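Student: Okay, handing you the structure first.
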Amino acid sequence: MKKYRNLAVKSTACILSAAMLFGSGFSAAAAGSDIPKDENVYVNLNQDGSVDGIYVVNAFRLEKETDIVDYGKYDSVKNLTTDAEINKKGDTITTAAPEGKFFYQGNLKTKELPWEISIHYYLDGKEMDADELAGQNGSLKITIHIGKNDQVEEAFFENYLLQATVTMDMDKCNRLQAAGAT
């Protein structure tokens with residue numbers, strides 16, 4: 001039996017902030033114009049796999065300073081490139097963007113994903129809640145189940161990429177196994 005000292009705390013913290021990425025490299029045109037845009041959607045999960053929050057990073061490559069008009073169902077937006085203000089009125093986002101790469105983040109109103117995600121924890125073969133694992137020693141198994149969410153339009157499930165990331169402290173973990181994962 002290997003000692004994982006605080007592994008539960010570390011793995012739970014990582015899972016809480018695990019980024020689920022879908023729409024990687026998804027290109028769209030901002031406001032129907034000829035300005036190419038890439039969107040990456042990130043999801044922060046709670047320790048059981050339920051959604052804590054979703055945000056979109058919108059990326060533009062601009063050949064000159066440009067006024068951008070974009071759309072999204074965001075609670076809030078944040079300029080990730082400059083200190084310039086981004087204006088949000090309803091679902092319309094406007095800003096002046098400099099030449100070069102320009103990024104802004106939009107925090108989505110929804111918590112619906114095309115996937116249902118559940119995370120379970122087992123210590124020495126016994127299922128436990130994540131908050132019970134802190135300070136425990138033993139063989140820890142974390143299972144992540146990902147399935148289709150029938151409440152969301154099927155096209156999203158069929159056409160989007162999903163990447164799940166769990167970071168482990170390798171000073172406290174060993175013999176990691178993840179069948180089918182890299």
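Student: Under the classification rounded if a/c is under 1.5, otherwise prolate if a/b is larger than b/c and oblate if not, where does the stretch 53-162 fall, given a ≥ b ≥ c as square roots of the Cα gyration tensor eigenvalues? Present the calculation step by step, with values, prior to reporting the outcome.
Tutor: Values: a/c = 3.06, a/b = 2.16, b/c = 1.42.
Note, shape of the stretch 53-162 comes out prolate.
Student: May I pose another question? Let me spell out the model: positive unit charges on the Cβ of Lys and Arg, negative unit charges on the Cβ of Asp and Glu, origin at the Cα centre of the stretch 95-182. What dipole size does that give, in debye rounded to 20?
Tutor: Values: 8 positive and 14 negative charges, 55 e Å.
It works out to roughly 260 debye.
Student: Moving to a separate point now. Assign one of three labels to the stretch 140-182, namely rounded, prolate or oblate, based on the Cα gyration tensor with a ≥ b ≥ c the square roots of its eigenvalues; rounded applies when a/c is under 1.5, prolate when it is not and a/b is larger than b/c, and oblate otherwise.
Tutor: Numbers: a/c = 3.35, a/b = 2.79, b/c = 1.20.
Prolate, because a/c is 1.5 or more and a/b exceeds b/c.
Student: Which of the trypsin sites (Lys or Arg not before Pro) found in the stretch 73-139 are in a DSSP loop and have at most 11 neighbouring Cβ atoms, other than their own, within 10 Å? Walk me through the intermediate numbers first.
Tutor: Details: sites: Lys73, Lys78, Lys88, Lys89, Lys101, Lys109, Lys111, Lys126; in loops: Lys73, Lys109, Lys111.
Passing sites in the stretch 73-139 are Lys73, Lys111.
Student: How large is the convex hull of the C-alpha atoms of the stretch 97-164 per residue, in Å³?
Tutor: Values: hull volume 13.4 nm³, N = 68.
So the per-residue hull volume is 196 Å³.
Student: Take the Cα gyration tensor of the stretch 28-102, multiply each eigenvalue by 5, square-root it, and list the three semi-axes largest first, rounded to whole angstrom. Please list the in-between numbers first.
Tutor: On the way: eigenvalues 124, 33, 29 Å².
Ellipsoid half-lengths, sorted descending, are 25, 13, 12 Å.
Student: I've got another one for you. Scan the stretch 121-155 for GluC sites (Glu not before Pro) in coil per DSSP, keeping those whose Cβ has at most 13 other Cβ atoms within 10 Å, and list them by number. Before the final figure, lay out the partial values.
Tutor: Values: sites: Glu127, Glu132, Glu153, Glu154; in loops: Glu153.
Taking the stretch 121-155 and a limit of 13 other Cβ atoms within 10 Å, the loop GluC sites (Glu not before Pro) found are Glu153.
Every read-out reported here was derived from the displayed coordinates using simple, explicitly stated rules and does not represent laboratory data. The model shown is predicted, which means the values in this text are computed figures rather than measured ones. Reconstructed Cβ throughout: ideal geometry from the backbone, glycine too, with neighbour counts over all protein chains shown.
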